[in-house]
Amino acid sequence: MAKRGRNTSNSQPMFFSAYNYKLIGMAIFLIFAGFTAMYMENEVKGFISLFISPVVIMAGYILVVFAIMKHDRDDQKEVSES
């Protein structure tokens, strides 16, 4: 019986490595934690709402940009050699 569905050949490598996905996961966690901490304090002029949460949220966004821009140089050498 013939298999139906997607072609499972690995002719093209994945765009991101596992390291990139881990960084994106950590960034999403930081963003979620920052907004949750801001919500949990529930004060407009609280210390966490004004100082801690915005720094954590910005760190998450910066980590997302870094994870997208990060490129493994070793993987590029292996692809070009084959």
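The values are calculated or read from the model by the stated rules, or taken from the named source; none is laboratory data. These numbers were taken from a predicted model, which means no experiment stands behind them. Because the Cβ atoms are built from the backbone with ideal geometry, glycine has one as well, and the counts that use them run over all protein chains shown.
Close Cβ contacts (under 9 Å, 6 or more residues apart or on different chains) running from residues in segment 17-39 that are in contact (Cβ under 8 Å) with a residue 12 or more places away in the chain and of a type in the set (S, T, Y) to residues that are exposed (fewer than 15 other Cβ atoms within 10 Å of the Cβ) and in a loop (DSSP other than H, G, I, E, B) comprise S17/K70; S17/H71; S17/D72; Y19/K70; Y19/D72. Checked against the criteria, S82 counts as over 19 Å from A18 (Cα atoms) and either modelled with pLDDT under 90 or in contact with a strand residue (DSSP E or B) (Cβ under 6 Å, 6 or more places away or on another chain) (or both).
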